[in-house]
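Any read-out appearing in this document is the output of simple, stated calculations on the displayed coordinates, not a laboratory observation. As the structure is a prediction and not an experimental result, all values here were calculated from the model. Cβ: placed from backbone, ideal geometry, glycine included. Neighbour counts: every protein chain shown.
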Amino acid sequence: MRNRGIFRGRIFFGELMLVSAVVTWLTALLMSPHGEETAAGTEHIREVVAIFLRNTAMGTIVLSAFAAWLLFPPRRPRKPWRDYAILALLAVLVGSSLYQLIWLETAIFN
């Protein structure tokens, strides 16, 4: 007798964490302050948005790592196309979050 409920629960929670990482990443992407143009009187908001972006980038990396840990159990399937798609999505999320952290450090905080 095999207990597949734990495996299914782990996959479900991993997918939930992956969706939350994507939502966090998209929220930060839509709030991005790229560009030098700011409206008069809103210069003080730029640093608050930069801190928000830094925190969401770090949160996206943590959520992506947790989702990867949950979604990749030790046993591997024979045709890992789903795994390749998840790996590609995680690479985009983590890569763009790292880029955003580097960009914020060089452009905003210096």
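Taking Leu30, Leu71, Leu93 in turn, the Gaussian network model of the chain (Cα-Cα springs below 10 Å) assigns the largest fluctuation to Leu30. If you plug the beta carbon distance of Leu30 and Arg82 into 1/(1 + (r/R0)^6) with R0 = 25 Å, you get a FRET efficiency near 0.35. For the chain, report the translational diffusion coefficient in µm²/s to the nearest whole number, using Stokes-Einstein at 37 °C, 0.692 mPa s, and a Kirkwood Rh over Cα pairs. After rounding, the answer is 209 µm²/s.
Sorting 81-89, 11-19 by their mean Cβ neighbour count within 10 Å, with the most densely packed peptide first, gives 11-19, 81-89.
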